[in-house]
1. Report, by residue number, each residue of the stretch 8-30 that is touching a strand residue (DSSP E or B) at 6+ places or on another chain (Cβ under 7 Å) and either in a strand (DSSP E or B) or within 19 Å of Leu100 (Cβ to Cβ) (or both).
2. With the stretch 33-151 as the region, which helices (runs of 4 or more DSSP H) entirely inside it contain at least 1 residues that are exposed (fewer than 15 other Cβ atoms within 10 Å of the Cβ)?
3. Collect the residues in the stretch 31-51 that are more than 13 Å from Asp89 (Cβ to Cβ) and among the hydroxyl-bearing types (Ser, Thr, Tyr), keeping them in residue-number order.
4. Can you tell me how many residues in the stretch 256-278 are closer than 14 Å to Val220 by Cα, in contact (Cβ under 8 Å) with a residue 60 or more places away in the chain and surrounded by fewer than 16 Cβ atoms within 10 Å (Cβ to Cβ)?
5. Out of the stretch 280-306, which residues are modelled with pLDDT under 75 and assigned to a loop (DSSP other than H, G, I, E, B)?
6. Looking at Asn410, Asn416 in this structure, which one is surrounded by fewer than 16 Cβ atoms within 10 Å (Cβ to Cβ), in contact with a Pro (Cβ under 7 Å, 6 or more places away or on another chain) and not small (Gly, Ala, Ser)?
7. Looking at (1) of a type in the set (Val, Ile, Thr); (2) within 33 Å of the chain's Cα centre (by Cα); (3) at pLDDT below 90, find the lone condition where Ile369 falls short.
8. Just need a number here: residues in the stretch 309-343 that are of a type in the set (Val, Ile, Thr) and either part of a loop (DSSP other than H, G, I, E, B) or at positive phi (or both).
Amino acid sequence: MKKLTLPTELPSERAFLVGVELPDEPRILSIEDSLNELSLLAQTAGLVVVGRTSQRLRRPNPKILLGSGKISEIRSLVHETVADIVLFDYELSPRHQRELEKYFGENVRVVDRTALILDIFALHANTHEGSLQVELAQYEYRLPRLTRAWTHLARQAGGGGGRAGSVGGVGLRGPGETQLEVDRRDIRRRIAHLRRQLDKVRAHRSRYRARRRRAEIPTVALVGYTNTGKSTLLNRIANSNVLVADKLFATLDPTTRRVELPKGRQVLFTDTVGFIQNLPTTLIAAFRATLEEIGDSDLLLHVVDITHPNAVAQAKAVRATLEEIEVTAIPMVTALNKTDLLTNPQATVDLVDEFERAVPISALTGDGILTLLTTIEHELYEAMSPLIVNLPYKEGRLINLIHEQGMIENIKHGQNAVIIKCRVPDRLMKQFIEYIN
């Protein structure tokens with residue numbers, strides 16, 4: 001008698017994608033391109049995409065979001081494709097989610113884009129800090145959605161093989177085993193605990209950044225759309241081994257490496273989480289401690305995948321996120337990456353003017369890296385602004401800083417302070433704000 005062999009893991013779940021377009025909601029990507037991106041997100045989460053559709057609405061249906069005819073069509077398509085999940089490229093309100101889950105029935109789950117991104121972040125959170133941030137974002141997302149419809153998530157996550165921790169329970173990987181009918185008070189208590197833990201992380205990061213400032217080592221924060229090659233670039237310039245994968249959000253936790261610039265000066269490069277259009281606000285809030293690394297940097301290095309058909313739109317999405325976290329005043333250099341994949345190099349030249357201080361590069365082959373580092377060095381050390389400051393003698397560190405890194409044009413010694421007319425690197429300007437004469 002032939003012995004039966006059990007499968008080592010359950011088959012991937014099947015997702016049907018639904019796009020929604022409303023006239024009063026500005027879009028960075030077209031609805032078709034946005035669905036393509038959602039498909040990549042679904043694949044990153046381990047889902048198999050079996051179909052898609054979309055609808056343009058004048059206004060959302062207050063009960064089921066879409067029109068009744070369209071939602072009936074989707075139910076038929078979900079049945080035909082044997083889909084397990086209906087994945088909306090839209091953040092569903094708690095009411096829309098409840099009504100749609102009732103409509104599609106117990107065997108089909110309704111998941112929105114935000115929950116999917118949260119699940120992917122949980123999958124890639126490899127440090128204690130990252131896990132805390134994702135767990136906080138997940139609980140804040142779930143709190144207004146606590147109904148029996150979420151009981152499919154009440155399984156053990158993060159180990160044991162099979163689909164434990166898989167997107168079969170979207171949004172599960174962070175909190176682990178959870179009873180989703182738990183009293184709201186208990187979840188709020190957990191949220192408060194996570195915030196206290198993250199405040200400690202934030203304080204630790206703040207002390208670390210203060211030590212870096214005292215050492216006068218400038219910091220460059222790598223920012224960019226997800227999967228543009230930031231980690232590959234960091235590996236290239238720092239000769240390091242940060243995880244690289246052709247996936248959205250392959251790396252999540254920030255990584256800092258020391259790099260020597262062409263003239264021998266030292267600088268710290270920090271790789272931060274990749275951005276994406278409509279990054280969930282719960283994630284932005286939860287990742288405040290990490291995103292402060294961007295706000296406290298001296299220069300932003302914006303990495304753009306110049307081969308992507310939506311490169312300009314992706315850059316706008318990054319800019320929108322930077323505006324949301326209020327760091328647009330920091331100087332920026334743009335690396336137009338993946339030029340080795342271009343069949344027409346002239347395309348890069350034509351797009352250079354679309355970006356700030358753009359340098360075409362290939363992080364994979366090394367082409368353009370020296371030019372990029374030279375541009376960064378110029379912005380950090382040679383791009384200077386005029387300044388007149390009235391510095392108390394007790395601020396000896398700042399006085400020495402001007403002597404060491406600035407250019408003094410005139411200096412007057414008073415009884416309690418020294419008045420210095422000078423030029424200093426742009427990255428140092430914020431240190432003198434309170435003493436500007």
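The values are calculated or read from the model by the stated rules, or taken from the named source; none is laboratory data. Everything numeric in this text was worked out from a predicted model, so none of it was measured. Quick reminder, even Gly has a Cβ in these numbers, built from the backbone with ideal geometry, and neighbours come from all protein chains shown.
1. Listed by number, the residues that qualify are Glu13, Arg14, Ala15, Phe16, Leu17, Val18, Gly19, Val20, Glu21.
2. Working: elements: 68-81, 94-104, 113-124, 128-142.
Here the list reads 68-81, 94-104, 128-142.
3. Of the residues in the stretch 31-51, the ones more than 13 Å from Asp89 (Cβ to Cβ) are 43-48, 50-51.
Answer for the stretch 31-51, where residues must be more than 13 Å from Asp89 (Cβ to Cβ) and among the hydroxyl-bearing types (Ser, Thr, Tyr): just Thr44.
4. Number of matching residues: 1.
5. At the first step, the residues of the stretch 280-306 found to be modelled with pLDDT under 75 are 280-293.
Hits for the stretch 280-306 are Pro280, Phe287.
6. On the way: Asn410 fails: in contact with a Pro (Cβ under 7 Å, 6 or more places away or on another chain).
Only one candidate qualifies: Asn416.
7. (3)
8. Residues of the stretch 309-343 of a type in the set (Val, Ile, Thr): 312, 318, 321, 325, 327-328, 330, 333-334, 339, 343.
Now restrict to residues that are either part of a loop (DSSP other than H, G, I, E, B) or at positive phi (or both): 325, 327-328, 330, 343.
Residues meeting the conditions: 5.
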